[in-house]
Amino acid sequence: MVSEVNLKLKEKQQGRVLENRGRLLVKCPDKPGIVSVLSTFLHNHGSNIIESSQYSSDPENGTFFIRIEFHCENLLVKRAQLEEDFAEIAANHSMDFHFAYSNERMRSAIYVSKEPHCLMELLWEWQNGDLDTDIVVVISNHEEARPLVESLGIPFHYIPANKEIRKQVEAEQIRLMDEYNVDLLILARYMQILTPDFVRHFENRIINIHHSFLPAFIGAGPYERAFERGVKLIGATSHYVTNDLDEGPIIEQDVERVDHRNDVIDLKKIGRQIERRVLARAVKWHLENRIIVEGNKTIVFH
């Protein structure tokens, strides 16, 4: 009984912490004093900086990037005024900025085809509480994943897909994304090419896992081509989806060493392990607002 009371008290305290925690991401022309301007602003609004990471592309005339996580009592009440007041500072310093709040969980959709390993990793991380999101729907062009997904109480939608019916398929997918109010689309080995119209609908909100260390072996069959080339390293790449196939801004990559004794089946087995961890890390960083997209590159504050 005592442990239950303590657990409820802890959960209540954690809820209060989340209600009062915010994140501020800023991109602007670099010049002296930017950090001072931001820290002074937060201090004047009763905020305590918990974590701060910054980067300058060129200290002389480059671009400055910063992510600040802060605590502010009664943030839910203050946030509208906070953003309104900051807009004036942003205008004075040519800042692109974004406020995010820890109590607002993103709503994610996972797209998958036949291979379930990346889906299973995401679901495991989510069940563990290590992915701070609500997985609200899973979309697939195959039925294999339905039992697993529905056993967790997550809606599963089977939508057959091929290039002949792609337009109507994507129209239905967009309708479902609107219906479930989805913030982030995760392609967990969803083996379909998305049209420019679909990608534009979700700019910088679609994360893909490619089973290769890009830019090597773009497109289909990378393990077969890696084997034929006799590579000594294989890897995986998670990136935002753009209209250029497998060339969107890279979020995370990883590799494993292989040699002449590894055949294609070995490469695929090793590759699946890399894909799982790379995609999970990329999604986690997106959910924690640790990524700023700059052109076709990303600034990732680990």
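Readers should treat all values here as calculations from the given coordinates under stated rules, not as data from a laboratory. Model, not experiment: these values are computed from the prediction. Reconstructed Cβ throughout: ideal geometry from the backbone, glycine too, with neighbour counts over all protein chains shown.
Taking the Cα centre of the stretch 156-287 as origin and charging only Cβ (+1 Lys, Arg; -1 Asp, Glu), how large is the dipole, in debye to the nearest 20?
Using only the charged Cβ atoms, the result is roughly 400 debye.
Look at the dipole of the stretch 123-194 built from charges on Cβ: of Gln173, Leu131, Gln192, the Cα furthest out on the positive end belongs to Gln192. Among Tyr55, Tyr190, sorting on how many other beta-carbon atoms sit within 10 Å of each Cβ, with the fewest leading, yields Tyr55, Tyr190. Mean residue ellipticity, 222 nm, helices only, the chain: the sum of -39500 (n - 2.57) across DSSP H runs of n ≥ 4, divided by residue count and rounded to 500, is -12500 deg cm²/dmol.
Per-residue Karplus couplings for the stretch 232-244, computed as 6.51 cos²θ - 1.76 cosθ + 1.60 with θ equal to phi - 60°, are listed in order as 9, 9, 10, x, 9, 9, 9, 8, 6, 7, 10, 7, 9 Hz, Gly and Pro entered as x. By definition, a body whose alpha carbon gyration tensor gives a ≥ b ≥ c is prolate when a/c is 1.5 or more and a/b is larger than b/c, and the chain fits this prolate description. Annotation: the residues Arg261, Arg205, sorted from fewest to most other C-beta atoms within 10 Å of their own C-beta, follow the order Arg261, Arg205. Using only side-chain charges placed at the Cβ, +1 for Lys and Arg and -1 for Asp and Glu, the dipole size of the chain relative to its Cα centre rounds to 500 debye. D by Stokes-Einstein for the stretch 188-282, Kirkwood Rh over Cα pairs, 25 °C, 0.890 mPa s: 181 µm²/s. Between the stretch 232-266 and the stretch 158-196, what is the C-alpha centre distance in whole Å? That distance is 23 Å.
Cβ crowding within 10 Å, taken as a proxy for footprinting-reagent exposure, orders Val26, Val300 from fewest neighbours to most as Val300, Val26. With respect to the chain, whose longest principal axis is taken over its alpha-carbon atoms, helix 264-287 is tilted by about 20°. The slack between Ala87 and Glu150, meaning 0.36 nm per residue of separation minus the straight C-alpha distance, is 18.3 nm.
Summing charges over neighbours of Asn289, with a neighbour being any other residue whose Cβ is under 10 Å away from its Cβ, gives +1 when K and R count +1 and D and E count -1. Phi angles across the stretch 208-218 convert, under the Karplus curve 6.51 cos²θ - 1.76 cosθ + 1.60 with θ = phi - 60°, into 3J(HN,Hα) values of 10, 10, 10, 7, 6, 7, 4, x, 6, 6, 5 Hz, Gly and Pro given as x.
Taken along the Cα-to-beta-carbon direction at a fixed 7 Å, the label points for Ile50 and Val293 span 2.6 nm.
Does the stretch 2-101 come out rounded, prolate or oblate by the C-alpha gyration tensor, with a ≥ b ≥ c the root eigenvalues, rounded set by a/c under 1.5 and, if not, prolate when a/b is larger than b/c and oblate if not? Since a/c reaches 1.5 and a/b is larger than b/c, the shape of the stretch 2-101 is classed as prolate. Extending 7 Å from the Cα toward the beta-carbon at both Lys232 and Glu104 defines two label points whose distance is 4.9 nm.
Of the GluC sites (Glu not before Pro) found in the stretch 229-302, those that fall in a DSSP loop while having at most 16 other beta-carbon atoms within 10 Å are Glu247.
3J(HN,Hα) couplings calculated from phi for the stretch 167-179 with the Karplus curve 6.51 cos²θ - 1.76 cosθ + 1.60 (θ = phi - 60°) are, in sequence order, 4, 6, 4, 5, 4, 5, 5, 5, 4, 5, 4, 5, 4 Hz; Gly and Pro show x.
Looking at the stretch 32-82, the GluC sites (Glu not before Pro) that sit in a DSSP loop and have at most 13 other Cβ atoms within 10 Å of their own Cβ are Glu60, Glu73.
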